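Everything on this sheet refers to the single structure shown next.
What follows draws every value from the coordinates through simple rules; no lab data is involved. Predicted, not measured: the structure shown is a model, and the values here were computed from it. Neighbour counts are summed over all protein chains in view; Cβ atoms, including those assigned to glycine, are modelled from backbone coordinates with ideal geometry.
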């Protein structure tokens with residue numbers, strides 16, 4: 001940022017979380033334009049004149065999934081609601097544990113795609129044999145993720161900025177389990193509660209309060225299996241965050 005200022009190169013900074021990290025706190029003082037994902041973030045940059053709420057950009061390939069391919073990969077049934085569980089790039093041991101403790105109860109009515117994190121594939125021996133075809137575990141997914149999103153009726157995940165941006169863009173209901181302040185600066189908690197304000201089909205369970213009973217209750221609240229109506233999901237095809245940032249680039253550069 002300092003070098004760009006010396007060379008008179010315009011700079012645009014983007015803050016994805018509600019609360020800025022140290023790098024953005026420092027860099028914002030030299031940025032020509034500050035793009036924010038959340039309106040709530042403006043109070044942390046009161047000194048900056050050019051603040052624009054753009055939202056978060058989302059990877060284009062996320063919109064290019066295929067339902068048929070997803071069902072081929074998982075061998076799932078289109079007639080049963082599907083839940084996607086992911087704990088971030090490294091997985092989340094606490095989420096993994098509670099999912100397994102509640103697996104039989106969940107799988108009696110739902111199908112589970114469980115992204116566990118590298119080296120964290122679970123022992124599934126406790127899952128009743130008749131339900132094992134409804135459970136698919138992966139250490140990590142990349143190119144498969146857009147396909148999985150296409151058949152997902154509910155996401156269970158952390159509340160990192162990128163995850164929230166994707167499920168927001170794809171309009172998928174969510175159970176959010178943010179990392180607590182004991183393991184971070186608390187940005188995921190703020191992200192989750194801000195997200196919930198604008199998304200009625202969202203339940204937050206703080207990590208310290210997560211139990212398999214709470215998880216079952218939240219699933220049944222957002223996605224009651226009794227009311228499930230199978231059908232082709234309508235997935236949006238573009239990221240509003242990307243469009244907004246492109247407008248900023250066109251205006252200021």
Q: Take the alpha carbon atoms of region 1-33, find their center, do the same for region 52-117, and report the distance between the two centers in whole angstrom.
A: 35 Å
Q. Can you give the three extents of the C-alpha atoms in region 167-207 along their principal axes, from longest to shortest, in whole Å?
A. 30, 15, 14
Q: Write down Rg/Rh for region 30-165, rounded to two decimals, with Rg from the C-alpha atoms and Rh from the Kirkwood relation over Cα pairs.
A: 1.10
(Q) Bins of 10 Å, beginning at zero and ending with the bin holding the largest distance: percent of Cα pairs per bin for region 198-253, please. (A) 16, 27, 25, 20, 11, 1
Q. What is the percent of Cα-Cα separations in the chain that go past 21 Å?
A. 61 percent
Q. Using a simple spin-label model with points 7 Å from Cα along the Cα→Cβ vector, what separation in nm is obtained for residue 208 and residue 233?
A. 3.3 nm
Q: Any chance you could give the angle, 0 to 90 degrees and rounded to 10, that helix 212-222 forms with the longest Cα principal axis of the chain?
A: 80 degrees
Q. For region 2-53, what does the equivalent ellipsoid look like in terms of its semi-axes, each the square root of 5 times an eigenvalue of the Cα gyration tensor, given largest first in whole Å?
A. 19, 11, 9
Q. Looking at the square roots a ≥ b ≥ c of the eigenvalues of the Cα gyration tensor of region 52-103, which shape do they give, rounded for a/c under 1.5, prolate if a/b is larger than b/c, or oblate?
A. oblate
Q. Between the helical axis of 161-170 and the dominant principal axis of the chain, each derived from Cα atoms, what acute angle in degrees is found, rounded to the nearest 10?
A. 70 degrees
